[in-house]
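Visitor: Handing you this structure, nothing more for now.
Values quoted throughout were computed directly from the atomic coordinates according to the rules given, and no laboratory measurement underlies them. The structure displayed is predicted, hence computed values, not measured ones. Here the Cβ is made from the backbone with ideal geometry for all residues, glycine too, and neighbour counts use every protein chain on show.
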Amino acid sequence: MHDVLLDSLRAPIAPPLTEDLADWRQRWLALTAAHTDASPADHAIRGGAMADRLGWAFAAGYQAAMAAGFPQDGVAGLQAFCATEAGGNRPRDITTSLQREDGAWRLSGIKAWSTFGQACDSLFVVVREEEAREVLDEKEADSSRPQLRVVRVPASATGVTFQPQPPLPFIPEVPHCGVAFESVALPDDAVLPGDGYSDYLKPFRTIEDIHVMLALLAHGLREVRRLGGPAEAALLSALGAALASVSALAERDPAAPLTHWLLDAAQEDAAALYERVGALLAAHPADPAAARWQRDARLFGIAGKARALRAQRARELLGLVSEPG
């Protein structure tokens with residue numbers, strides 16, 4: 001963390017303009033190749049610092065989260081986690097199925113959301129396993145929900161069809177789409193070990209929040225360096241301190257209540273910092289980044305309800321909520 005924060009403070013103040021997703025992809029892959037020993041958290045910070053807008057900072061944080069949350073042996077390029085379906089992303093909402101047919105696994109179903117869409121190289125897909133296989137830890141078995149697994153699918157595999165969707169009203173540079181899987185054949189090693197819910201789906205919500213926050217804070221730090229003068233020294237220091245504390249969260253157990261409690265506080269602090277960076281940009285209305293930041297600020301509030309519920313549950317588990325009466 002020490003080295004990556006120093007690099008962020010010494011990096012060129014004005015990043016090169018990123019033309020499109022293909023351009024960003026090339027820059028991102030070059031960055032990760034140049035720092036192969038770095039952690040996903042460090043990659044998120046470097047990616048946020050090199051971004052010329054919030055959309056590309058989010059893209060860096062998301063890709064860093066994928067690297068942190070899923071096995072990476074033999075995985076290259078851009079990746080996406082495909083969980084959400086028409087009914088949602090709770091275990092009971094998952095209908096995409098994995099079945100054993102003629103000695104191979106067959107994947108069928110439709111996912112409503114895939115970040116990056118057709119630009120992905122690999123998809124990690126949450127599936128309902130029709131023929132339940134071994135549960136590695138009996139404590140994770142829950143008869144109230146279906147047995148879920150995660151499978152790794154090449155985006156170019158036969159039977160994979162992307163369903164383009166209109167750009168979002170914020171960070172429109174980052175595409176998303178639905179994905180249909182029609183009897184996609186998969187080898188045994190495409191099925192990830194462990195439980196699809198407790199080992200991947202549930203912790204990824206926390207992992208993504210942490211790594212995206214690191215990238216957005218790093219992008220904000222770079223913007224303050226670019227536009228701020230001596231009067232913004234306190235804001236710059238606050239952003240650096242936030243990066244240091246959130247980096248420490250990336251090393252904690254993403255399923256632990258203590259992690260969720262601390263993350264809630266970190267997100268509140270980050271929200272205040274985003275507002276301060278936005279105000280600095282608003283003081284430079286002729287700067288194209290000011291309009292983009294205002295347009296994309298909705299990104300900061302995504303999944304706010306789910307985050308609040310997670311934090312409330314953490315407080316309850318830690319005994320920080322008083323009993324009524």
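Visitor: Please compute the Kirkwood hydrodynamic radius over segment 79-192, one decimal place, Å, based on all pairs of different Cα atoms. Working shown, then result.
Guide: Working: mean 1/r = 0.0684 Å⁻¹.
Roughly 14.6 Å, rounded to one decimal.
Visitor: Which entry in [x] 24.3; [y] 22.9; [z] 20.7 is this structure's computed Kirkwood radius over Cα pairs in Å?
Guide: The value matching this structure is [z].
Visitor: If you plug each phi of segment 304-312 into the Karplus form 6.51 cos²θ - 1.76 cosθ + 1.60 with θ = phi - 60°, what whole-Hz ³J(HN,Hα) values come out, in order, with x for Gly and Pro?
Guide: x, 5, 5, 5, 5, 5, 5, 5, 4
Visitor: Would you mind counting up the charge near Val125? Only other residues with Cβ under 10 Å from its Cβ, with Lys and Arg at +1 and Asp and Glu at -1. Working shown, then result.
Guide: Values: positive: Lys111, Arg149, Arg152; negative: none.
Charge balance in the 10 Å sphere: +3.
Visitor: Counting other C-beta atoms within 10 Å, and keeping those with at most 15, which DSSP coil trypsin sites (Lys or Arg not before Pro) do you find in segment 146-254?
Guide: Details: sites: Arg149, Arg152, Arg205, Arg222, Arg225, Arg226, Arg252; in loops: Arg252.
Filter output for segment 146-254: Arg252.
Visitor: Please give the charge dipole size of the chain, origin at the Cα centre, charges +1 on K and R Cβ atoms and -1 on D and E Cβ atoms. Round to the nearest 20 debye.
Guide: Numbers: 31 positive and 42 negative charges, 180 e Å.
Using Cβ point charges on Lys, Arg, Asp and Glu, the chain gives about 860 debye.
Visitor: Antiparallel as a % of all DSSP beta bridges within segment 79-192, to the nearest 5?
Guide: Numbers: 27 of 33 bridges.
Expressed as a percentage, antiparallel bridges in segment 79-192 total about 80.
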